[in-house]
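Please read the structure below before turning to the comments.
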Amino acid sequence: MAKQEKNCGTAKKTVICISGMAGTGKSTLSKKLAKKYSLRYFSGGDVLKDLAKHEGYDVSIQGWWESPEGLKFLNERVNDPKFDKAVDDKLLQYAQQGNVLLDSWTMPWLFKDGFKIWLEASFEKRAARVAERDKMNVAEAFGVLEEKEARTKAIYKALYGFVLGEDFKPFDFVLDTDNLSADEVFVVLCKVIDNVFLSGS
């Protein structure tokens, strides 16, 4: 893993990217990891929500991305790439500054350095988690996730040429979370970051 060695010598250059589809727990996990390693935390989803709020959307809804409002904004993104490009430009600036953990679907492809982790989980498991999180039934979560993910994949395929959730080439570590608790995932990733990335091995 030679490409990581450039980032290991100086803490301020550390860049970790966490990715995974909805329901893999990536946002909660990313915040915990950022705190543990004293990294600044930035979320592509949070930046997008700020842009949506600026456009007049009410982003305070629980499970906003899977709500009708969130899906409406997703349609806007499909039709106009300016939102996603603005987010990615901002995240790239943060990445170049270093000392960051990025919760992002695009940075593993757009930023060439850093340590990149993909959290994997079955669609069924993810839908169950989203249903519990957003207080909806599992069948509804299935439908919403299918719609949301098809459109999201289309956005990134058109903009950057990769297929989200299917192309794992940029990633240094892929972890199947189906049978792991959130605490177990955290422990595993800390060991990987300590022993593979930060050790420079």
When only C-alpha pairs under 8 Å and at least 6 residues apart count, what is the relative contact order of region 77-201, in percent?
30 percent
Can you work out the Karplus-derived ³J(HN,Hα) for every residue in region 62-75? Use 6.51 cos²θ - 1.76 cosθ + 1.60 with θ = phi - 60°, whole Hz, and x for glycine or proline.
4, x, 4, 4, 9, 8, x, 5, x, 5, 5, 5, 4, 4
Go through [x] 9, 33, 34, 11, 7, 4, 1, 0; [y] 9, 39, 39, 13, 1; [z] 8, 35, 38, 16, 2 and flag the label whose value is the computed P(r) over Cα pairs in 10 Å bins from 0, in percent for this structure.
[z]
Sorted by Cβ neighbour density within 10 Å, fewest at the top, the residues Phe197, Phe168
Phe168, Phe197
How far is the Cα center of region 77-104 from the Cα center of region 118-172, in Å?
19 Å
Under 5 Å, built H, 5+ apart or other chain: amide partners of Val174
Trp118
Please list the non-local residues whose amide H lies under 5 Å from the amide H of Phe115, H modeled 1.01 Å from N, same-chain partners needing a gap of 5 or more.
Val15, Ile16, Cys17
Each residue of region 164-180 in turn: what ³J(HN,Hα) in whole Hz from Karplus with 6.51, -1.76, 1.60 and θ = phi - 60°, glycine and Pro shown as x?
4, x, 10, 9, 10, 4, x, 8, 8, 8, 10, 10, 7, 9, 3, 10, 10
Output the 0 to 90 degree angle, nearest 10, between the alpha-carbon long axis of helix 138-160 and the longest principal axis computed from the alpha carbons of the chain.
60 degrees
Going from the fewest other Cβ atoms within 10 Å to the most, one would list Tyr94, Tyr160 as Tyr160, Tyr94
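Values quoted throughout were computed directly from the atomic coordinates according to the rules given, and no laboratory measurement underlies them. Not measured: the values here are computed from a predicted model. Note that each Cβ is placed from the backbone with ideal geometry, even for glycine, and that neighbours are counted across all protein chains shown.
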